[in-house]
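The values are calculated or read from the model by the stated rules, or taken from the named source; none is laboratory data. Treat the numbers as computed from the prediction; the structure is a model and nothing was measured. Cβ coordinates were reconstructed from backbone atoms using ideal geometry, including for glycine residues, and neighbour counts include every protein chain displayed. Note: areas computed on protein heavy atoms with side chains; ligands, DNA, RNA excluded. Shrake-Rupley method; radii C 1.70, N 1.55, O 1.52, S 1.80 Å.
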Amino acid sequence: MAKTIAGPEIERLIQLLGKLPGLGPRSARRAALHLVKRREQLLRPLGHAMSEAAEHVKVCSNCGNIDTRDPCTICTDPSRDRSTVIVVEDVSDLWALERAKALNAAYHVLGGVLSPLDGVGPDDLTIRRLVERVAEGGIAEIIVAVNATVEGQTTAHYLIDQLDGFDVKITRLAHGVPVGGELDYLDEGTLSAAMRSRTKI
Ligand SMILES: [Zn+2]
């Protein structure tokens with residue numbers, strides 16, 4: 001067993017911080033030290049914010065977003081165009097699109113992608129709820145904004161099948177040259193997708 005260098009409370013803090021994405025054991029130690037040195041300014045408020053979040057966090061029963069209210073802040077925002085629904089895999093994608101201020105629309109968070117190898121089937125995602133939302137009416141366009149991975153594309157095709165027969169326009173994000181990107185550096189898949197989804201200027 002590795003020798004401990006601090007009391008169990010601090011060791012536990014380091015251990016838990018080390019489970020966060022992007023933090024290895026070394027950066028977890030650094031973060032823990034940073035926190036314990038700033039007990040009043042940081043450690044206590046962080047502990048409080050975490051327990052508050054743990055107390056109140058919920059999954060929106062309408063769209064699958066994670067928030068502290070159900071329906072979530074986005075679903076209850078009167079300024080949003082609810083006739084357009086952006087379908088994403090995860091809340092992180094929703095946050096990314098919101099940061100980009102791409103569209104002031106509604107969302108639907110699938111909670112993952114179909115992946116038979118990992119045992120993820122349609123019932124593990126919020127696909128049925130999405131079909132219900134479309135069936136309830138008022139949605140004119142579904143934008144399928146899943147990742148450009150094999151699983152993402154399989155999920156997109158499945159969704160399109162499920163929504164077949166509804167009077168709703170289904171679109172997907174364009175695949176292609178990133179903003180500021182140089183053609184020479186792109187992989188063949190991206191280049192050929194960009195060529196196929198060329199637009200008139
Ligand atoms: Zn919601």
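Tell me whether the stretch 83-170 comes out rounded, prolate or oblate; compute the Cα gyration tensor, take square roots of the eigenvalues as a ≥ b ≥ c, and use a/c under 1.5 as the rounded threshold.
oblate
Determine, from the Cβ-Cβ distance of residue 104 and residue 37 and an R0 of 30 Å, the FRET efficiency 1/(1 + (r/R0)^6), rounded to the nearest 0.05. Please report the intermediate quantities before stating the final value.
Values: r = 42 Å, r/R0 = 1.40.
For residue 104 and residue 37, the calculated efficiency is 0.10.
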Counting only protein heavy atoms with a 1.4 Å probe and every protein chain in place, the carbon and sulfur fraction of the accessible surface of the chain in whole percent equals 57 percent
Cβ-Cβ cut-off under 14 Å around residue 58, Lys and Arg +1, Asp and Glu -1: the net charge is -3
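For the stretch 8-56, what is the convex hull volume of its Cα atoms per residue in Å³?
Value for the stretch 8-56: 77 Å³ per residue.
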Across 121, 137, 47, the residue with the highest GNM fluctuation in the chain (Cα network, 10 Å cutoff) is 47
Any trypsin sites (Lys or Arg not before Pro) in the stretch 84-166 that lie in a DSSP loop and have at most 12 other Cβ atoms within 10 Å would be 101
Here the net charge surrounding residue 115, from other residues whose Cβ is less than 10 Å away from its Cβ (Lys, Arg +1; Asp, Glu -1), is -3
Under the 7 Å Cα-to-Cβ spin-label approximation, residue 200 and residue 76 lie apart by a distance in nanometres of 4.5 nm
Filtered hits (lysines, Cα-Cα < 26 Å from residue 200, offset >= 8 within chain) -> 101, 169
From highest to lowest solvent-accessible area (probe 1.4 Å; ligands, DNA and RNA excluded), 167, 90, 67, 124 read 167, 124, 90, 67
In debye to the nearest 20, the charge dipole size for the chain, taken about the Cα centre with +1 at each Lys and Arg Cβ and -1 at each Asp and Glu Cβ, equals 1020 debye
Any GluC sites (Glu not before Pro) in the stretch 94-201 that lie in a DSSP loop and have at most 10 other Cβ atoms within 10 Å would be 182
Over the Cα atoms of the chain the radius of gyration and the largest Cα-Cα distance (Dmax), both in Å, equal 21.4, 65
Charge tally for neighbours of residue 145 with beta carbon under 14 Å away, counting Lys, Arg as +1 and Asp, Glu as -1, is -3
Highest GNM mean-square fluctuation among 169, 58, 19, for the chain with Cα springs under 10 Å, belongs to 19
Of 109, 179, 87, the most mobile residue in a GNM of the chain (C-alpha springs, cutoff 10 Å) is 179
Here FRET efficiency (C-beta to C-beta, residue 164 to residue 56, R₀ 41 Å, nearest 0.05) is 0.60
